[in-house]
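The structure appears below as structure tokens.
Bear in mind these aren't lab numbers, they're just calculated from the coordinates by the rules spelled out. The shown structure was predicted, so the numbers you read here are calculated from the model rather than taken from an experiment. For neighbour counting, all protein chains shown are included, and Cβ atoms are generated from backbone atoms with ideal geometry for every residue, glycine included.
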């Protein structure tokens, strides 16, 4: 149990860091000097081992072993191996997860598989409209292919009420990308399944940072990315989980040769592979896939209960200090105040959020901004310290008290659209 | 014009290498000592620059610049930039190509887009049954989603005859993965379009090794990989081309946020991006994508006419020498004898092909084997030399004359299925 006094000081934070069972893991990451990186919910920091791993793949595996690497260096097995490495962290069993493609592509496969298994005649997919948009877009892409299929959007507490016998698939993101609110995976899964529907969970903002128990909740399918709290590297391949009970019957339409029963028989017609392998499509980006292993291995070294305990205090402390130090500056807490209902991020709304986030970045505190007014701060217990929270809020308070965020340089939007 | 006498010697080969306008490019690749690598049609060799590029992405872009790299280091633009870098080599214009996802996933998008643009009511896709299987499988996956859609398989010369007013999409691989035979892109495209169909070309075995003129042939869509003759690295992302005339109307169902008109507006509903960008889905594997640039840059330094001229002599010399030196050993040429109809590979059938290929690999000559009896040798003019052809055939003749291929060690099949 980690405890802080009502009015903590920087020294209290340093004491917590000294007592932190995860403290030694920070040295396994490379972080820029003087930067407080609170954006691991967008792109995780670089594991120290990633450099040597990338070098080895380029120099030895590609450069020297060339085509023989598919067997000799296990390239063919990598999607399965990384899936098995990840599985215990999300409550999945061996052979239930592969690391492959992108979250969106994997969501397409999961949706198609789930719809194929849902009761005949049902054509309704229920989602959260405020979800990270790519999930909505991918789902709309699936629905447009199925005559009569409708995507129903609802929000938060309305989800449970919207579940009824017309539903084929409930597709939710476990932790909300903006607010950090956690859905009750067990309760919503049970409710949807009681109505005869299947359930897909997106674990982008929960895998690697809070205990997830897919099989304990009887989840049907799940997807997620590996480049946030799993520190797999920029755009590292995503993962897809399918419960073993669905393996024999599930189908997805992106039927490439890696999903074939015998890829090297070079048969003309598709026959799905047994097991989770039928969720694979084609050749994977080996350099990105191979380096993903470094982040997964570090996450496996942590006890997910320690990670969660630290995460709740990091985020709670951040809320407490921002509200204490910046009370006059109009920040509105968007994330749940109850730590049990909050993922590992804290979001505040502020009309000038964009400029404030830019000013913070200039001051070495990296968070991010999501339109229209959302300032997001992610806390990665594997490398963020309690003292980082203190120092980040100090810099935020300084920016607000001094009005430095009003500098016109901080108002310029990036060219990316 | 490269010419060889009727009975060339090793010295003739060395003379050709000295006169080769592409000779200097070999030094830009790293190849193992004493290996003759004739498998660039499966996995291209490593560009020397790839190591520094991978290091820079891991150390600086990921490790130091972290999330800011999406703008600062151009991660968001990479799919477009690499597409534009590749475009001139395949006869495409700027803004017609993106590098993204895998060949199979991109083929799914191209098929869906083409079917959507084909005359209403038509539901037939024509392919070559002996095609690389993943194309057939992906097409079967698409067809299974469209009521009444049929995939018709035919072969070689039968393709032109099978084109009629029932056809929606002709989907062909430009150079056959086993035989190396080249389809007449201009004639088949014109014939299919005259019947009202759309045409998709798979350039996996032609991009970077022979002049391709997609727009000159009025192709509708194309896909291909970057890890063969374009030397992008193991599993490097694929490319997709869409002719500009289709950009406004084309649709594909893998509608992720990168294909949205305004990804950072975080709108609830999908609106397709203008231009080729709507062929994108989600976040790409940046490490693999970034390194792909090294191979594309090298290929751009070569004049594709020089590449093609050298390729025809390399493959022709290989056929000539194998037939001269191994006449008694039962090799049957599978590739076209006419160099104009042959891509940059030579395939021989041999009942003991598997063991012979293994014996060759043990002797430092790397080709590959495709069931049931196909020995494939790819010739990459950017790094393969004429003397390599001579030396490879010397080693093959030695293996056959000595019977060394009968060693039981060479009969053991790999565990990969």
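Is the shape of segment B:203-314 rounded, prolate or oblate, going by the alpha carbon gyration tensor and its root eigenvalues a ≥ b ≥ c, with a/c under 1.5 for rounded and a/b larger than b/c for prolate? Cα axes put segment B:203-314 in the oblate bin. One way to sum up the overall shape of segment B:276-337 is the equivalent ellipsoid from its Cα gyration tensor, whose semi-axes run 39, 16, 12 Å, largest first. Percent antiparallel among DSSP beta bridges with both residues in chain A, to the nearest 5? Bridges in chain A are about 55 percent antiparallel.
Between copies, residue B:148 shows label-point distances of 1.8 nm, shortest first, with the point placed 7 angstrom from Cα along Cα to C-beta. Comparing mean-square fluctuations of B:404, B:308, B:124 from a GNM of chain B with C-alpha springs under 10 Å, the top value falls on B:404. Considering only A:123, A:301, A:26, the Gaussian network model of chain A with Cα springs below 10 Å gives its largest mean-square fluctuation to A:301.
Can you tell me the relative contact order of chain A? Whole percent, Cα pairs under 8 Å, sequence separation 6 or more.
Numbers: 798 pairs, mean separation 91.9, N = 417.
After rounding, I find 22 percent.
For chain A, the longest principal axis of the alpha carbon atoms and the long axis of helix A:10-19 meet at an angle near 40°.
Out of the DSSP beta bridges found with both residues in the protein assembly as shown, what percent are antiparallel (nearest 5)?
Details: 44 of 78 bridges.
The antiparallel proportion sits near 55 percent.
Peptide A:226-238 shows a mean partner chain C-beta count of 4 within 10 Å per residue C-beta. The calculated FRET efficiency for the pair residue A:155 and residue A:35, based on their C-beta separation and a Förster distance of 51 Å, comes to about 0.90.
Taking Cα pairs under 8 Å and at least six residues apart, what relative contact order does segment A:19-111 come out at, in percent?
On the way: 49 pairs, mean separation 13.8, N = 93.
Across segment A:19-111, relative contact order equals 15 percent.
Mean residue ellipticity at 222 nm from the helices of the protein assembly as shown, using -39,500 (n - 2.57) per DSSP H segment of n ≥ 4 over the full residue count, to the nearest 500 deg cm²/dmol?
On the way: 24 runs with 274 residues, N = 834.
-10000 deg cm²/dmol, from helical runs alone.
Mean per-residue shielding of peptide A:43-52 is 4, counting Cβ atoms of other chains within 10 Å of each Cβ.
Measuring nothing but how far apart in sequence close Cα pairs (under 8 Å, 6+ apart) lie, relative to its length, segment A:100-186 scores a relative contact order of 36 percent. Taking the longest Cα principal axis of chain B as reference, the axis of helix B:185-194 is set at about 40 degrees.
Mean-square fluctuations from a GNM of chain B, with a 10 angstrom spring cutoff on Cα atoms, peak among B:192, B:242, B:328 at B:328. When each of the peptides A:232-238, B:318-324 is scored by how many other beta carbons lie within 10 Å of its residues on average, the order from highest to lowest is A:232-238, B:318-324.
Comment: the Cα-to-Cβ extended label point of residue B:406, at 7 Å, lies 9.3 nm from its counterparts in the other copies, nearest first. The shape of segment A:153-276 comes out oblate: with a ≥ b ≥ c from the C-alpha gyration tensor, a/c is at least 1.5 while a/b does not beat b/c. Relative to the longest principal Cα axis of chain A, at what angle does helix A:353-362 sit, 0 to 90 degrees, rounded to 10? Helix A:353-362 and the main axis of chain A meet at about 80 degrees. Annotation for residue A:17, label-to-label distances across the other copies: 5.9 nm (shortest first, one decimal, point 7 Å from Cα along Cα→Cβ).
For segment A:351-413, the square roots a ≥ b ≥ c of the C-alpha gyration tensor eigenvalues yield an a/c of 1.5 or more together with a/b not exceeding b/c, which makes the shape oblate.
Sorting A:278-288, A:144-154 by average packing, meaning the other beta carbons within 10 Å per residue, from highest down gives A:278-288, A:144-154.
If both residues of a DSSP beta bridge must be in segment B:134-267, then about 40% of such bridges are antiparallel.
Partner chain Cβ atoms within 10 Å, averaged over the residues of B:257-268 - can you pull that number for me?
Numbers: counts 8, 4, 5, 4, 1, 3, 5, 8, 4, 12, 4, 10.
For peptide B:257-268, the averaged partner shielding equals 6.
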